[in-house]
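Engineer: One structure is given below, represented as structure tokens, and several questions about it will come after.
The values are calculated or read from the model by the stated rules, or taken from the named source; none is laboratory data. Treat the numbers as computed from the prediction; the structure is a model and nothing was measured. Because the Cβ atoms are built from the backbone with ideal geometry, glycine has one as well, and the counts that use them run over all protein chains shown. For accessibility, only protein heavy atoms count, side chains too; no ligands or nucleic acids. Shrake-Rupley method; radii C 1.70, N 1.55, O 1.52, S 1.80 Å.
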Amino acid sequence: MLDGKMILISPGQKSDRIEIRQEKDLYLSAKSAMHFIASFEDVPDASPNKGVTIGQIHNDAKGVKRPLLRVEIAGGNDIRVVVTESYLKNEGDVENDFFTSFDEKDRIECIIKILGDGDELAVEIKNLTKNEARVISYNLSDLWKTMDGNFFFKAGAYTQVAGPKTKVSYEKFKFIYK
């Protein structure tokens, strides 16, 4: 749990990252969450399809090539959640949900949850600066369920395009296990 303020600054190159990675293997049958409040500065806006990943549920089992769930600032002005059906690149459906608009230095609260029922996740995102909020639940595909026990949360600034050095200022950050 974070008391005070923590600042991360990305290197600013395409596919570079600065992140906080959880060192725990999570199961879909146990409730867990990642919760943070942060502001973001110098977010690249080069493409509406690319941006800065600020939170994820990933899996470190052999053969996993992409995250299960990704929260990102897309195109520099929207926060969206991307959920994948398959852990293999370019396979399966990808769901994109836009949660809120985003402007430089907006304070964002993000809660990513594994609900503990074996196959459901939830994401809550609030733009505290604009007083906008949205919550959505997602069902996991059977393919992801085969990777159970190897999930973990991570957050930070993972830039998908080259640009400025994105600065993340956390005022709250914690992992929750039940």
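Engineer: Can you list the residues, at least 5 places off or on another chain, whose amide H is less than 5 Å from the amide H of residue 120, using H built in the peptide plane?
Structural biologist: Under 5 Å from the amide H of residue 120: 115, 140.
Engineer: Still on this structure: For residue 13 and residue 30 in the same chain, what is the full-extension length gain: residue separation times 0.36 nm, less their Cα-Cα distance, in nm?
Structural biologist: Values: separation 17, 0.36 × 17 = 6.12 nm, distance 3.64 nm.
Answer, rounded to one decimal: 2.5 nm.
Engineer: Hey, which of these cross-link pairs are over 29 Å Cα-Cα: 126/165; 89/172; 5/65?
Structural biologist: Working: 126/165 24 Å; 89/172 33 Å; 5/65 32 Å.
Checking Cα-Cα distances, 89/172; 5/65 exceed 29 Å.
Engineer: In straight Cα distance, which lysines are under 18 Å from residue 130, not counting same-chain residues fewer than 8 positions off?
Structural biologist: 105
Engineer: Under a crude label model (7 Å from the Cα following the beta-carbon direction), how far is residue 89 from residue 61 in nanometres?
Structural biologist: Rounded to a tenth, the inter-label distance reads 2.0 nm.
Engineer: Taking only protein heavy atoms and a 1.4 Å probe, what accessible area per residue, in Å², does the stretch 15-152 have with all protein chains in place? If you can, show how the numbers build up before the last one.
Structural biologist: Values: 6250 Å² over 138 residues.
With the other protein chains kept in place, the stretch 15-152 gives 45 Å² per residue.
Engineer: As a check on your grasp of the helix formula, calculate [θ] at 222 nm for the chain: sum -39500 (n - 2.57) over DSSP H runs of n ≥ 4, divide by the residue count, round to the nearest 500.
Structural biologist: -500 deg cm²/dmol
Engineer: Turning to a different aspect of this structure: Based on the Cβ-Cβ distance of residue 117 and residue 49, what FRET efficiency does E = 1/(1 + (r/R0)^6) give at R0 = 30 Å, to the nearest 0.05?
Structural biologist: 0.40
Engineer: Per-residue HN-Hα couplings for the stretch 26-40, Karplus 6.51 cos²θ - 1.76 cosθ + 1.60 at θ = phi - 60°, whole Hz, x for Gly and Pro?
Structural biologist: 9, 9, 6, 8, 10, 5, 7, 7, 10, 9, 8, 10, 8, 10, 10
Engineer: Taking the Cα centre of each part, how many Å lie between the stretch 56-120 and the stretch 143-157?
Structural biologist: Centre-to-centre (Cα) distance: 11 Å.
Engineer: Also, quick follow-up: Scan the stretch 25-92 for trypsin sites (Lys or Arg not before Pro) in coil per DSSP, keeping those whose Cβ has at most 10 other Cβ atoms within 10 Å, and list them by number.
Structural biologist: 62, 89
Engineer: Right, here's the next one. Return the distance in nm (one decimal) between the two label points of a simple spin-label model at residue 128 and residue 98, each offset 7 Å from Cα along Cα→Cβ.
Structural biologist: So the label points at residue 128 and residue 98 sit 2.5 nm apart.
Engineer: For the stretch 166-174, take each phi angle, set θ = phi - 60°, evaluate the Karplus expression 6.51 cos²θ - 1.76 cosθ + 1.60, and give the result in whole Hz per residue in order, putting x for glycine and proline.
Structural biologist: 5, 10, 10, 10, 8, 9, 8, 7, 7
Engineer: Right, another one. Ordering 158, 27, 170 by how much accessible area each has at a 1.4 Å probe, largest first, what is the list?
Structural biologist: Values: 158 55, 27 120, 170 0 Å².
Greatest to least solvent exposure: 27, 158, 170.
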